[in-house]
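The values are calculated or read from the model by the stated rules, or taken from the named source; none is laboratory data. All values reported here derive from a predicted model rather than from experimental measurement. Reconstructed Cβ throughout: ideal geometry from the backbone, glycine too, with neighbour counts over all protein chains shown.
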Amino acid sequence: MARIGVAFAGGMSPPEIVECVRLAEELGYESAWVAEGHGGDQFAILSACAVQTERILLGTSISSIFVRSVPTIAMAAASVDHLSGGRLILGLGSSHKVQVEPEHGVVYRKPVQRMRESVEIIRTLLRDGQVSYQGQEVSIASFDLWFEPLRREIPIYLSAVFPQMLETCGEIAQGTILVWSTPESGRQSAEHVAAGARRAGRDPAEVDIVSLLPCSVAEDRREAIDRVRPAAAFYAGFFPRYNRLMAESGFAEAATAIRQAWLEGDREGATRLVPDDMVQALSIAGPAADSRQKLEAYRESGIRLPVIFPVGGGPDGKARVMEAIRACAP
């Protein structure tokens, strides 16, 4: 059976996400991933998913290493892993300065170094039950767990966009999490992950390559594209990192125009500036048959686990998410 996952962010309530994860398990999805941002506490949602499912793997996509303390992440991960019977994948990411500092009041600096230290601390705490650590970015005098983790090692996947973090994934993680990939950028990302793995003396095949793929399924292609357009505008307009990613994916002019409109406060204008071919290149948008073909193209590019990221929101958001889950099921 072909590997496939499904991811959820905002737009649905926690009980609705749990319902969708149960459907995904019934249909044979390998994994379900929950983002955080403003969409609800991911570990709480995954705990509810854990006790209402039996087989599907459960992942964070991602848990920010800046907005939670490192021991808190480790405790939360170990708790969900217990409740799920050992099904958690801990997806970590650095998030973005434009979110971390104004929204959480936390200084954002040296994300790659902080990521390395966070992974080391989490692994030590889960393995030994106690950690003392003095790093460049994170220092912990002493922290000990007052319960025994179900697994002393939980798979850690790291989100990455550009070469430095991609190669870090290859060095220290069990997997990397991409987003807004094209098949070509998927190939390039896999090459950087492999380079990092070889530098660390690892087999590149040991590092899973995952990509969250924004997804809208509708027989009317125009309708499917229009559903994805606002999300593309948000990522290109608000996040400098993803604006650069989209520019480097062949849409430099559009990315510049979207960013300018967004900075001027013209959200609707930014959305209108997202071209159809940009949506089609960076997401899965169209009829069910075409969606399945696009998934295969991603698999062939080196993305081992494509994860559909259905576009929800609005009064019929849950129905549209479930439509995408059914259409892309293995």
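Taken over the stretch 112-154, the residue count meeting the criterion of being of a type in the set (A, V, I, L, M) and closer than 18 Å to Ala78 by Cα is 9. Within the stretch 105-113, not a single residue is under 21 Å from the mean Cα position of the chain (by Cα) and under 29 Å from Val51 (Cα atoms).
Let's see how each residue does on (1) more than 16 Å from the chain's Cα centre (by Cα); (2) polar (S, T, N, Q); (3) assigned by TED's automatic domain parsing to the domain that holds Gly170:
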site: Ser189; (1), (2), (3): no, yes, yes
site: Cys215; (1), (2), (3): no, no, yes
site: Arg229; (1), (2), (3): yes, no, no
site: Tyr242; (1), (2), (3): no, no, no
site: Met246; (1), (2), (3): yes, no, no
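Give me the residue from the stretch 83-99 that is among the aliphatic types (A, V, I, L, M) and at pLDDT 95 or above and, out of that set, nearest to the chain's Cα centre (by Cα). Top of the filtered list is Leu92. Look at the stretch 219-232: where a residue is farther than 13 Å from Gly313 by Cα and a partner is assigned to a helix (DSSP H, G or I) and among the charged types (D, E, K, R), sitting 6+ places away or on another chain with Cβ atoms under 6 Å, you get Ile225/Asp276. Each residue in the stretch 195-226 was checked for being part of a loop (DSSP other than H, G, I, E, B) and farther than 22 Å from Ala7 by Cβ, and 6 of them qualify. Say whether the condition of being surrounded by fewer than 19 Cβ atoms within 10 Å (Cβ to Cβ), touching a Leu at 6+ places or on another chain (Cβ under 8 Å) and outside any helix (DSSP H, G or I) is met by at least one residue in the stretch 102-116. Looking for residues that are surrounded by fewer than 19 Cβ atoms within 10 Å (Cβ to Cβ), touching a Leu at 6+ places or on another chain (Cβ under 8 Å) and outside any helix (DSSP H, G or I), one finds none in the stretch 102-116, hence no.
Residues that are part of a helix (DSSP H, G or I) and out of contact with any Asp or Glu (no Cβ under 9 Å at 6 or more places or on another chain) were ranked within the stretch 171-185; the one that is farthest from Arg3 (Cα to Cα) is Glu171. Yes or no: Arg116 closer than 22 Å to Tyr235 by Cα and under 24 Å from the mean Cα position of the chain (by Cα)? In short, no. Pairs meeting the criteria (first residue in the stretch 110-132 and on the phi < 0 side of the Ramachandran plot and among the acidic types (Asp, Glu), second residue surrounded by fewer than 22 Cβ atoms within 10 Å (Cβ to Cβ) and assigned to a helix (DSSP H, G or I), beta carbons under 9 Å, at least 6 apart or on different chains) are Glu120/Ile172.
The residue that is surrounded by the most Cβ atoms within 10 Å (Cβ to Cβ), counting only those in the stretch 235-264 that are without any contact (Cβ under 8 Å) to a residue 24 or more places away in the chain and among the hydrophobic types (A, V, I, L, M, F, W, C), is Ala255.
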